[in-house]
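Data first, discussion second: the structure below is written as structure tokens.
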């Protein structure tokens, strides 16, 4: 299959590489062309425009930063959507809002194109090792056609519904749960520090309970206050919390913990932590407790 | 060593049994004598009063329900503390408040007795299988003397400080983190249900991220809305949240997520869920979203 | 002065009438023409289109429902802004977002037009009695030119800055404070009801403290649970809380009470209260406490 | 009537003076005798012990700092309750917990004594000017016998029930509503300051809406950041919030705003504001927004 791949960032680059390894033809485009260049040696074609990448492709995969980037790239003037073949499939792997996902489904639909939302769980190292978990939603037939793609990218697939936005809301809900765990660890660690207990020992105890790499890795960062370099910036964490709040409002679901997260992330940004790793939200609890 | 063991409930009974297996002499007392009786066949002596159990013992272990039970048993009139030998050690394994722990340390100290707080992580099945994790605090010398006891009860030990209350605050912080995870799963699942995504599928995705038995087991209960029989009653969950809030106030640590938990548990109790498993706090988020 | 007045709803109709009384020429437009008709007898010209109303006017006053209505009316295609004279002033009295206010200032600015944001405090009866309080922001010169208009509409004027959006954020902050008072009264009244104290007596006590018509009037509605007919719908209350949260995010100001309000209003809507008066948010606290 | 009056602090002193003016015989006791001395010139007898003050009195009035002071003075060993005549009435005007009020009712009841809870609204200047508002609860007959006392102390009386604790919960609910108004003003003012609007102008607008001396006076303190000297210390504000939370738990009433208040007051104390006026809780919102 010929795949147009838009976005060769930290996530997109290793994903495209795995598609090449699986024998697919990949035409890659990235705004900063230099980021796409290394893929050329692995057999990718580096396109000089979105349209060049997309025209004639069987599949379009997008791995872009946020709603704005996806909206501009697909629906801007000119937008990738108009260069896309009528029988092509767009697989959107970005973490985007429910609203934009619905808009994309509508726009693809009226052009006869297929649309699958397939956001992924995992950091760049997981993308490189084919350990991503894919959350997909779309019609059964379309999902079936995408299976070879998903196989090439990850270790597992959860199909959550026939409406693409259902995959987006699922990703949003997962990220919310993760953010809540960070905040809970942060509040607990502030209590622990004020009790003169070693935070690292507390994290050991937490691991004895949860037995989870998420608690172990983030717990260590929080205990050691090691938030640089950021794996995922705190400012992006606030954006994700915003996606949660938008979904919660549109679906009429009170989510008090999401409200707490919003304020803690805002306080973190007001306190200069926007470029730290999002686990630095734990510093907010510490500062509010008078710890420095 | 001769061990007086007070409290032969769901947790105490298997713990006492493991001590017997390890070759210790155990004198057990339980308010409802019938619960202690089965241990007699395993070699325990069933005492007819707290004083009978405690008098002359090397070690006193308490596994009682809450602050009130511990206070009355130890410091009531007559209290176990006055029957305890001057060179004995009291190991308190209950989840009690920081305040009571400090009071016990003071009262034991002025009698020359040693006090170790050693709350445990794990449910009754873990207690039976010697898979408890023990969080201990006390002087190094006393902790050392307790090692054979801890070895007989659990799979691991975290020594968190020399002040017994430090173990209690650590246990409280761990329980808070767990309660926060339940609430986060509850809010997320309400969002998921209103999105017509199968809750079980969502929990699968969550497991793909967290890889934690805690999220897996509680996630399944929340997805299936299977809250009976209660492993740990919701009303006791509120009590634990109360311990968190007390510690947070006494140590001057704002904990907004603990505040949210308080209100959700209260709403659960107001809605008739006090005897359901504490993971039924997830029903509160569902009800507030208009799901029934 | 010739005034184009867009929006003859519950607020706009009495405001336009007062402008007529003060001797201004008023050309009124309302989507539902029947609502504007009664003003014809008082001397207004009822325009058959936005453009007809706006063309050639010295002043454009808008009193429209929300951001969407203002955006479409002013900046849609065709938008009132393009029919407006280059030296005219637009006075926006609606409660709109900071973002839209900034966009309007920008669009008017590049056409050489003047823009004043002048949201008002007061219900329809206050509008009829010229008892509105006007919160205005814009350049000093423009505000000065608007003085006769403001004099004709209200009992007082607070000029809060030279940037029009400053008036909008001030209105948003005032509405937030009012919503917080409703929620606080609601929670307190739930406590009072569960204490078997008469809510009306509690409101008397509250009035003895606050001495405020706001607490008195809303307090009575809450005590009597009299939420119909709605003076201001609960669903609109959520919209206002949304404006607060948007401003708080854009200005990086954590506002935990706004977060609480969001969830309580959402719970109210999930519980079927969207068309009740927004003081019915107090019912949410009651329901969460098990009162019905 | 012979009145024993315990507590000649900022509130008690002017209250006792008004009782003397009304012609009552007053025997006053204060731990720091010097504070009671000025009342001697006005005709009071200064007692040298609690028992001396209480013995033989018709009425006992207490105006003490908190639960601890009331508990120790009444129920300590020796406690005032045992010196009190069997047919005497105890009027407790302090802001105390529901629990202590119930305990006092029980203890007085089994001695045949009458008990009325009558907490007051108003600051020391209102006490001096007989402008207190009295919230009373007790049996109708007892309340009737207290009427001359209430007349001598305040401008109004609300009888809220026959159970004394109902007056205490009412006072607690009023104080909560007031604290919520302070926090709301604080959050709103942080938003206003970050919008470069003058806080004083914002408070003017707020007054135009609320028309309440409470919003006016506290609003000015918040706008001017004038928190010294404290009329009511922030640390006492946290104590009051604690009374709210205790009542809300005991009565099973979720109160999310009370939870927010708890955390903001804790953060204020962690930030060194415990001795500032409790309206300094507004500084917490400012600090969390990065304002200094």
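The values are calculated or read from the model by the stated rules, or taken from the named source; none is laboratory data. Bear in mind that the values here come from a model prediction, so they are computed numbers and not experimental data. Here the Cβ is made from the backbone with ideal geometry for all residues, glycine too, and neighbour counts use every protein chain on show.
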Name the residue, out of C:192, C:203, that is under 17 Å from residue D:212 (Cβ atoms) and crowded, with 18+ Cβ neighbours inside 10 Å.
C:203
Positions within the stretch C:199-214 being facing chain D (nearest Cβ under 7 Å), part of a helix (DSSP H, G or I) and within 27 Å of the chain's Cα centre (by Cα), in sequence order:
C:206, C:210, C:213, C:214
Assess whether residue A:274 counts as being part of a loop (DSSP other than H, G, I, E, B), within 14 Å of chain C (Cβ to nearest Cβ), in contact (Cβ under 8 Å) with a residue 24 or more places away in the chain and more than 30 Å from residue B:291 (Cβ to Cβ).
yes
Filter the stretch D:170-198 down to the residues that are in a helix (DSSP H, G or I) and farther than 26 Å from residue D:236 by Cα, then identify the one that is farthest from the other protein chains (Cβ to nearest Cβ).
D:193
Residue B:282 versus (1) in a helix (DSSP H, G or I); (2) buried (at least 21 other Cβ atoms within 10 Å of the Cβ); (3) out of contact with any strand residue (DSSP E or B) (no Cβ under 9 Å at 6 or more places or on another chain); (4) within 11 Å of another protein chain (Cβ to nearest Cβ): which is the lone unmet condition?
(4)
Which numbered condition residue B:178 misses (of (1) surrounded by 24 or more Cβ atoms within 10 Å (Cβ to Cβ); (2) out of contact with any helix residue (DSSP H, G or I) (no Cβ under 6 Å at 6 or more places or on another chain))
(1)
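Restricting attention to the stretch B:126-152, which residues are assigned to a helix (DSSP H, G or I), within 14 Å of chain A (Cβ to nearest Cβ) and either under 18 Å from the mean Cα position of the chain (by Cα) or without any contact (Cβ under 8 Å) to a residue 24 or more places away in the chain (or both)? Spell out the reasoning first.
The initial filter retains those residues of the stretch B:126-152 that are assigned to a helix (DSSP H, G or I), namely B:126-128, B:140-152.
Right, trim to within 14 Å of chain A (Cβ to nearest Cβ) and you get B:126, B:143, B:150.
Answer for the stretch B:126-152, where residues must be assigned to a helix (DSSP H, G or I), within 14 Å of chain A (Cβ to nearest Cβ) and either under 18 Å from the mean Cα position of the chain (by Cα) or without any contact (Cβ under 8 Å) to a residue 24 or more places away in the chain (or both): B:126, B:150.
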Going through (1) touching a helix residue (DSSP H, G or I) at 6+ places or on another chain (Cβ under 6 Å); (2) in contact (Cβ under 8 Å) with a residue 40 or more places away in the chain; (3) on the phi > 0 side of the Ramachandran plot one by one, residue B:225 fails only at (1)
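May I ask you to verify whether residue C:227 is crowded, with 19+ Cβ neighbours inside 10 Å, under 23 Å from residue C:260 (Cα atoms), more than 8 Å from chain D (Cβ to nearest Cβ) and in contact with a strand residue (DSSP E or B) (Cβ under 7 Å, 6 or more places away or on another chain)? If you could, list the steps in order and put the result at the bottom.
On the way: crowded, with 19+ Cβ neighbours inside 10 Å: yes; under 23 Å from residue C:260 (Cα atoms): yes; more than 8 Å from chain D (Cβ to nearest Cβ): yes; in contact with a strand residue (DSSP E or B) (Cβ under 7 Å, 6 or more places away or on another chain): yes.
Judged against the criteria, residue C:227 is a match.
Scan the stretch D:260-292 residue by residue and report those that are more than 19 Å from the chain's Cα centre (by Cα) and over 24 Å from residue C:251 (Cα atoms). Before the answer, list the steps.
From the stretch D:260-292, those more than 19 Å from the chain's Cα centre (by Cα) are D:260, D:263-264, D:266-273, D:282-292; that's our starting set.
D:266, D:269, D:270, D:272, D:273, listed by residue number.
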Restricting attention to the stretch A:239-266, which residues are in a helix (DSSP H, G or I), touching a residue at least 24 places away in the same chain (Cβ under 8 Å) and within 8 Å of chain C (Cβ to nearest Cβ)?
A:260, A:262, A:264, A:266
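Got a sec? Which of B:259, B:219, B:242 is closer than 21 Å to residue B:99 by Cβ and crowded, with 24+ Cβ neighbours inside 10 Å?
Numbers: B:219 fails: closer than 21 Å to residue B:99 by Cβ; B:242 fails: crowded, with 24+ Cβ neighbours inside 10 Å.
Matching residue, one of B:259, B:219, B:242: B:259.
Any chance you could count how many residues in the stretch D:153-169 are more than 9 Å from chain C (Cβ to nearest Cβ) and not in a helix (DSSP H, G or I)?
Looking only at the stretch D:153-169, we keep the residues that are more than 9 Å from chain C (Cβ to nearest Cβ), and these are D:153-154, D:157, D:162, D:164, D:168.
From what is left, the residues that are not in a helix (DSSP H, G or I) are D:154, D:157, D:162.
The qualifying residues number 3.
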Selection status of residue B:208, at pLDDT 95 or above and surrounded by 22 or more Cβ atoms within 10 Å (Cβ to Cβ)
no
The strands (runs of 3 or more DSSP E) lying wholly within the stretch D:1-111 that contain at least 3 residues that are without any contact (Cβ under 8 Å) to a residue 40 or more places away in the chain and in contact with a strand residue (DSSP E or B) (Cβ under 8 Å, 6 or more places away or on another chain) are D:25-29
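Name the residue, out of A:8, A:34, A:53, that is over 14 Å from residue A:90 (Cβ atoms) and crowded, with 22+ Cβ neighbours inside 10 Å.
On the way: A:34 fails: crowded, with 22+ Cβ neighbours inside 10 Å; A:53 fails: over 14 Å from residue A:90 (Cβ atoms).
Matching residue, one of A:8, A:34, A:53: A:8.
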